[in-house]
Amino acid sequence: MRYDLVIIGAGLAGMSAALAAVKMNKQAVVLSKGLGSLYSSSGYIDLLGYYPTTEMKPVLNPARALDVLVEEKPDHPYSLVGKEAIREAFTDFLSISREIGLAYSGTLDENILMPTAAGALIPTCLYPETTGKKITEAPVITVVGIEELADFYPDYAADNLRHRLKGEVKSVWASLNIKVKRELNSFDIALALENFHVQEALIKELENKVPRNSLIVIPAVLGVQNWQQVTKTIEKALNCDVLEVPTLPPSVMGYRLAEKLQQHLKHKGVDFITGHPVTHVKCSGRQRLEVGISLGSGKLKKIQGDSFVLATGGILNEGLLACPGSIKESVFDLPIVNDLLHVDRDFFSLKAQGLSLAGVAVNSNMQPIDIKSGQTIYENLRAAGATLAGYDPFIEKSGNGVALASGYKAGKLAIGA
Amino acid sequence: MEKTQVVVIGGGATGTGVLRDLALRGIDCILLEQNDLATGTSGRFHGLLHSGARYAVKDFSSARECIQENQIIKKIAPDCIEDTGGLFIAVKGDDPNYIKSWLENCSLADISIEEVSPSDLLQTEPALTKDISRVYMVPDAAVDGFSLAAANALSARNLGARVKTYSCATGFKIEKQKVRGVYVIDRYTGQEDYIKCEFVVNATGAWAGQVAKMAGIGLNITPDKGVLVIFNHRITNKVINRLRPPGDGDIFVPHGSVTVFGTTSQTTSDPNDSEAAAEDVLRLLEEGKQLFPGLDKMRLIRAFAGVRPLYQPDGAGSGREATRDFFLIDHDRLHGLEGMISMVGGKLTTYRLMAKAASDHVSKVLKVDKPCLTDKEIIYPPIPKQKEYDNKQLCQCERISSKLLDLAVKDKVRFTLNDVRRLTRLGMGPCQGTFCTFRAAGYYHQSRSLKAAEANKLLKEHIQERFKGSIPVLWKEQAQELELTRGIYLGLLNLERLESDNHEI
């Protein structure tokens, strides 16, 4: 069959493009070689945490910081997407999040500070409703570690938090009494905590250790499917608020969002073909494109569409391939804005790294362009997310925001809306 | 002020070897090392315990020393060795005359060699080129320079010797043409101290010229830089050498879960010059492809450089031409300065022999009539090689449990994760610390009651050090790994701005 929209990549950018397509009742397919990066992301939708990137203090009002960014950095993906489309993408996402049963809170006009697993604070503007508890205002905070989990150290997180919060911060360990002969990751624990008896064990461990009315800060392991219920059960039993913290991959908070979005899109008729890379591209002139995916059997399956959105990610997710001295776009071999010479030798530098800045250049219609001439390469191809050049999501704290906004705009324009 | 009979400067294989040798003879001694043990050349080489075959043609006396020491080290330091065996491989077009003299000299040097059929070899080492003409098995092995130095130091400490790491010798007290003591600074605290002694052994390798200069002596050390790379898997299960005159990019050594490949040879003026460049790496890969055709497709995880402490007595050759023999420089005889010798040249395989020569000399001067015993007893590194299964593995690549992390810092007042890594291999595997650095920092914060700032420093220094080594190989999977690490430590944990959102400070 022929699709209205063929999306390559199943991360937040790809799903956001698909959301735009289903909104207009268009037929879309999402092709991806893996599960998509959303599964390992924090689950926060951060618009802009720091601007300029070298700034140490977080942005308080991201929408206002965006006004400045658009003026100062015309090549930044946000400038190309435009303020209006960004606001629309975020507003739409908030309403869809309620529809899919994973309600998000927040606005573009305020960043709130969330604790990280190391006990730093990180700004974000949209966050799951269940995490909508302001740690900066809590008078008593108890950081809880799970003994079976190797990826969270409550004393360490609490010690760092103590230096940046006014409230009283303590830390405790809790054992879930899970007997297995290996260390567990957050996904394992989240699955275990779906079980009522394991929840009971956790509550029992915490009963005498957690002061009433404190804000419990706990790694995001409170269930994969039923976290709302698990959170409420614990809150009620301990008479406390519970705030989950995103963990090192696998990230349960990212997993929940990815699953809910995918279920929603499938329900709305979007096809997902997962596990096969796009290895074949055919084009005629600057207009038509056809892609093919390699199946496990070695066969090539061809997929036709009126329009295409490339949302394969950056270097991390293999949308871009770094080679000695150059960077390549992995599906269409599109031209790359490449600043490879810039390797900042300080890992914790606040200057953008060349590897993150590199990417595909697009115009304000999100169409990839030739860097010198500015000419569109394929009329019916658009790019979104980390494939785009001109920003470093890791120090800017803008990764999911760029993915959401650019994916939405690319999807919307691709279906001719 | 402290007092001892002998101060040994340099905590590499030679220095720790001298310390142990002296301690076994009942001589009181202190070791000074400006960084951690084996942070110089002893920790920055290919980790090859030579059979001597590499030097059989060009440096026959080195070859003989190597094979004798090879057998002794395998016996006394089994936990520091992986006895892989080694192969010398000639490919089509390699000089048959060289092979002939190599065979003759190996036999003269008593290096046991056994010819292997190329087709048999390809069964067990399938990544090798099909163009092999001749293959010989030799008793090469992989040696862990970090644990070898640590094992020597531990053995010496058990005999009463004192080991001071992060302690830098800053000068000598010289009276009446005799060294009376060493000035030293603690690099952590800045505390200055003086150690009164009867004798000093300068075992600082590539730094020997700098140390001798503090005693007013000129020593012609030409540091020679060698670049090496690490692949994220075992390309081979045996040490692989090219059967040709020693050159660049012809040694592969499997270590734990990775493979070290090198080297290059380039004279440098600075013994601290440990940086590799992408061009060095690409050149090495080009060479190595002759033995492993798919080499440039394999995943690199880092590149580093070590500095050979080559010594040129009188305008002798440099680089690959310079001898790998070691020299005992008697400053009394040569420069009229009593109470100090410098050990220069040599290589890790012959460290024990260097230590013996130094200790024999010191014993004679101090009139201690005790023989060398270093070839008699087995030494053990602080972390045992056979790791029992423990269900809390904090580093899953190298299988390092919290128990081993405890063991690695047991005797330490202060430490870095880099120190822990050298003892345990924490963060040395494919993920290069991406996951285990956070865990180790969090773990030590609690188990060692560290302050938040101290744990943050542990974490950041280790991530930075692992990053530094990946810069020359930032492409393909390693570029991806960097982005993952940035995603976690910057994007998720926000550690780059940790101090900025501070209410109190």
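The values are calculated or read from the model by the stated rules, or taken from the named source; none is laboratory data. This is a predicted model, so every value here is computed, not measured. Glycine gets a Cβ as well: all are built from the backbone with ideal geometry, and neighbour counts include every protein chain shown. We work out accessible area using only protein heavy atoms, side chains counted, and drop any ligands, DNA or RNA first. Shrake-Rupley method; radii C 1.70, N 1.55, O 1.52, S 1.80 Å.
Structure notes:
- For the range A:60-129 and the range B:322-376, distance of Cα centres in Å: 68 Å
- Listed by chain and number, the lysines placed with their C-alpha closer than 18 angstrom to that of B:K100 are B:K58, B:K92; residues fewer than eight positions away on the same chain are left out.
- Sum of side-chain charges, B:Q34 neighbourhood, beta-carbon under 13 Å (Lys, Arg +1; Asp, Glu -1): -1
- Residue separation of A:R182 and A:N363 scaled by 0.36 nm, minus their Cα-Cα distance, works out to 60.2 nm of gained length.
- In Å², nearest 10: area of A:M24 left accessible to a 1.4 Å probe: 100 Å²
- R0 of 56 Å, Cβ-Cβ distance B:D375-A:H342: FRET efficiency to nearest 0.05: 0.55
- Calculated [θ] (222 nm, deg cm²/dmol) that DSSP helices of n ≥ 4 give over chain B, each run adding -39,500 (n - 2.57): -9500 deg cm²/dmol
- Under 5 Å between amide hydrogens, built in the peptide plane, is the criterion, and for A:L243 it picks out A:I216, A:V217, A:I218 among residues at least 5 positions away or on other chains.
- Residue list for the range A:155-192, given a label point 7 angstrom along the Cα-to-Cβ vector of A:Q225 and an amide N cut-off under 13 Å: A:191-192
- Among the lysines of the range A:17-158, pairs at least eight places apart or on separate chains and with Cα atoms under 23 Å apart come to 6.
- For the residue pairs B:K196/B:K468; B:K403/B:K451; B:K164/B:K347; B:K74/B:K225; A:K166/B:K403, the alpha carbons lie more than 32 Å apart in B:K196/B:K468; A:K166/B:K403.
- Geometric descriptor of chain A, per residue, is 150 Å³ (volume of the convex hull of the Cα atoms).
- The local environment of B:E481, defined by Cβ-Cβ distances under 12 Å, has a net charge of +3 under the rule Lys, Arg +1 and Asp, Glu -1.
- Here the range B:438-463 is scanned for amide nitrogen atoms under 20 Å from the site 7 Å beyond the Cα of B:R414 along Cα-to-Cβ, giving B:441-442, B:444-463.
- When you restrict to C-alpha pairs under 8 Å that are six or more residues apart and normalise by the size of chain A, the relative contact order lands at 25 percent.
- Rounded to the nearest Hz, the phi-derived 3J(HN,Hα) couplings of the range A:128-135 under the Karplus curve 6.51 cos²θ - 1.76 cosθ + 1.60 (θ = phi - 60°) are x, 3, 5, 9, x, 10, 7, 5, where x marks glycine and proline.
- Charges were assigned to the Cβ only: +1 to each Lys and Arg, -1 to each Asp and Glu. The resulting dipole of the protein assembly as shown about its Cα centre is roughly 780 debye.
- Chain B shape via C-alpha gyration tensor axes, a/c threshold 1.5: oblate
- ³J(HN,Hα) computed for each position of the range A:189-204 - Karplus, 6.51 cos²θ - 1.76 cosθ + 1.60, integer Hz, glycine/proline x: 5, 4, 5, 4, 6, 5, 7, 4, 5, 5, 4, 4, 4, 5, 4, 4
- The amide H of B:F326, built 1.01 Å from its N in the peptide plane, has B:G346 as neighbours under 5 Å, considering only residues 5 or more places off or on other chains.
- Per residue, the convex hull spanned by the Cα atoms of the range A:3-49 measures out at 80 cubic angstrom.
- Shielding by partners - mean other protein chain Cβ count within 10 Å, residues of A:15-27: 0
- Drop in accessible area of at least 50 Å² in the complex versus isolated chain, residues of the range A:85-127, 1.4 Å probe: none
- The charge dipole of the range A:10-132, taken about its Cα centre with unit charges on the Cβ of Lys, Arg, Asp and Glu (plus for the first two, minus for the last two), comes to roughly 380 debye.
- Estimated FRET transfer efficiency (B:K92, A:F196; beta-carbon r; R0 56 Å; 0.05): 0.20
- Share of Cα-Cα pairs in the range A:1-97 lying beyond 23 Å, as whole percent: 38 percent
- Efficiency of FRET from Cβ geometry, A:H267 and B:K74, R₀ 56 Å, rounded to 0.05: 0.25
- Label-zone membership for the range A:170-204, site A:K232, 7 angstrom Cα→C-beta point, backbone N under 14 Å: none
- Quotient of Cα Rg and 2.2 N^0.38 Å for the range B:119-225, N being how many residues it contains: 1.71
- Point-to-point label distance, B:M1-A:M56, nm (Cα→Cβ direction, 7 Å offset): 4.5 nm
- Amide H contacts of A:V309 (H built 1.01 Å from N, under 5 Å, at least 5 apart or other chain): A:V6, A:I7, A:I8, A:R382
- Anisotropy class of the range B:160-222 from Cα gyration tensor, a/c 1.5 cut: oblate
- Take the accessible area of B alone and of A alone, subtract that of the pair with a 1.4 Å probe, and the total buried over both chains is about 5300 Å².
- Extension gain for A:S284-A:K73 works out to 72.5 nm (0.36 nm per residue, less the C-alpha to C-alpha distance).
- Short to long, the 5 Å bins of the Cα pair-distance histogram for the range A:119-276 hold 2, 9, 18, 22, 20, 14, 8, 5, 3, 1, 0 percent of all pairs.
- Euclidean distance between Cα centres, the range A:1-54 to the range B:181-257, Å: 52 Å
- Using θ = phi - 60° and Karplus 6.51 cos²θ - 1.76 cosθ + 1.60, couplings along the range B:97-109 (whole Hz; Gly, Pro as x): 5, 5, 4, 4, 5, 4, 4, 4, 6, 4, 5, 4, 8
- Where Rh is the Kirkwood radius over Cα pairs, Rg/Rh for the range B:316-454: 1.13
- An ellipsoid equivalent to the protein assembly as shown, defined through the eigenvalues of its Cα gyration tensor, has semi-axes of 55, 34, 24 Å when rounded to whole angstrom and sorted largest first.
- Total lysine pairs in the range A:177-309 at Cα distances under 21 Å, for residues eight or more apart or on different chains: 12.
- Potential extension, A:W173-A:I371 segment - 0.36 nm per residue separation minus Cα distance: 65.9 nm
- Cα centroid of the range B:436-485 to Cα centroid of the range A:153-218, whole Å: 24 Å
- With both labels modelled 7 Å from their Cα along Cα-to-Cβ, the A:T274 to B:E115 distance reads 5.8 nm.
- Accessible area in square angstrom per residue, the range A:96-237, 1.4 angstrom probe: 38 Å²
- Prolate/oblate/rounded label for the range A:94-189 (Cα gyration tensor, a/c 1.5): oblate
- Ignoring aspartates and glutamates fewer than eight residues from B:K370 along the same chain, the ones with Cα atoms less than 19 angstrom from its Cα are B:D21, B:D28, B:E198, B:D360.
- Taking every C-alpha pair closer than 8 Å and separated by at least 6 residues, the mean separation divided by the residue count of chain B gives a relative contact order of 18 percent.
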